[in-house]
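Following: one structure in structure tokens, then a few remarks.
Every number in this text was worked out from the coordinates using simple rules, so none of it is lab data. Note that the coordinates shown come from a computational prediction; the quantities given were computed from them, not determined experimentally. Here the Cβ is made from the backbone with ideal geometry for all residues, glycine too, and neighbour counts use every protein chain on show.
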Amino acid sequence: MWGTIKIEIHERGETLQMRILVANDDGIKARGINELVQALATIAEVYVAAPHVQRSGAGHGTCAHDKIYVEEVEYAGAKEAVSLTGTPADCVKIGIDYFRQKGIEFDMAVTGINHGGNIGTDVHYSGTISAAIEANFCGLPAVAVSVNSHDAEHFDYACDLAVKTVQKVYKKINEETTISINVPNLPADQVKGIAFAPLGRRVYDWLKYCGEEDGKHVFRYIGEPKIDTGSGKETDVIRITDGYATITALKHDFTDFELTKELMEWGI
């Protein structure tokens with residue numbers, strides 16, 4: 001079922017008659033989103049709605065009880081761009097509505113490029129993935145792109161793979177689908193290829209007690225996740241460690257249909 005392919009980068013192909021909304025969770029000034037916007041601008045009309053500051057790990061949270069401020073900004077490669085004080089999910093939801101009021105409708109959303117991998121169970125914490133899934137909720141198919149390092153330096157392969165993926169999936173996936181791309185933080189010629197992989201499991205042992213401050217107990221997330229080999233060698237967690245970029249198709253429906261049927265039979 002699962003396999004790998006090798007692609008040649010820098011062959012971006014035809015320009016598409018489409019409009020793309022780009023968002024992220026690292027903030028509008030992050031290098032990753034800047035690189036992504038300029039890459040996508042070679043094939044489509046690009047608009048940006050992104051947080052004004054770093055919002056990594058925001059998951060699918062929203063600023064439900066706070067005012068959200070929207071500011072128009074200049075952005076290289078984008079037709080128009082706005083910076084928002086909300087979460088990544090807020091940025092997508094409000095971005096779609098904000099530009100719609102100007103008569104602009106989108107064909108797809110692309111989120112990233114995230115500084116840090118969004119593989120395995122990390123997708124549940126990720127603002128990048130959540131922003132893409134919020135686009136699904138709002139009726140748009142989406143692509144999420146990440147480089148597997150918080151100190152990401154190499155974006156070329158991720159940009160080219162994002163462009164190629166958008167070109168391939170345009171009008172082939174629906175609003176219930178997010179395509180998640182993760183790329184090793186390596187020069188393009190060192191990436192071994194693409195692995196189409198299921199989500200694996202990330203194991204953490206990094207919540208540390210740091211003592212007391214002002215009479216309060218302090219905890220921090222310190223360290224790196226462990227590699228979990230128990231979920232299978234074909235998972236995205238393992239494949240990206242082996243030097244492959246990974247592609248995984250995600251759905252937001254968590255329903256366990258088989259167990260639901262069993263629950264009915266148990267008479268609960």
Q) With labels modelled as points extended 7 Å from the Cα through the Cβ direction, what inter-label distance (nm, one decimal) is found for Leu207 paired with Phe257? A) 3.4 nm
Q: Note down the nm distance, to one decimal, between modelled labels 7 Å out along Cα→Cβ at Glu71 and at Gln38.
A: 2.3 nm
Q: Using just the helices of the chain, give the 222 nm mean residue ellipticity in deg cm²/dmol: DSSP H runs with n ≥ 4 each add -39,500 (n - 2.57), and the total is spread over all residues, rounded to 500.
A: -7000 deg cm²/dmol
Q) Label Asp151 and Tyr221 with points 7 Å out from Cα along Cα→Cβ: what is the distance between them in nm? A) 1.9 nm
Q. Using just the C-alpha positions of the chain as equal point scatterers, what log10 of I(q)/I(0) does the Debye formula give at each q in 0.12 1/Å?
A. -0.72
Q) What does the charge dipole of the chain about its Cα centre add up to, to the nearest 20 debye, if the Cβ of each Lys and Arg holds +1 and the Cβ of each Asp and Glu holds -1? A) 280 debye
Q. Using a cut-off of 19 Å between alpha-carbon atoms, which lysines can reach Lys79, once sequence neighbours fewer than 8 places away in the same chain are excluded?
A. Lys29, Lys93, Lys102
Q: When a/c is below 1.5 the answer is rounded, else prolate if a/b is larger than b/c, else oblate, so apply that to segment 135-209 with a ≥ b ≥ c taken from the square roots of the Cα gyration tensor eigenvalues.
A: oblate
Q) Hey, what did segment 31-131 get for relative contact order, percent, Cα under 8 Å, at least 6 apart? A) 36 percent
Q: Place the peptides 186-198, 137-149 in order of packing, highest mean first, counting for every residue the other Cβ atoms within 10 Å and averaging per peptide.
A: 137-149, 186-198
Q) Rounded to the nearest 20 Debye, what is the dipole magnitude of segment 133-185 about its Cα centre when Lys and Arg each give +1 and Asp and Glu each give -1 at the C-beta? A) 340 debye
(Q) Which three extents, in angstrom, do the Cα atoms of segment 166-268 have along their principal axes, listed largest first? (A) 57, 56, 28
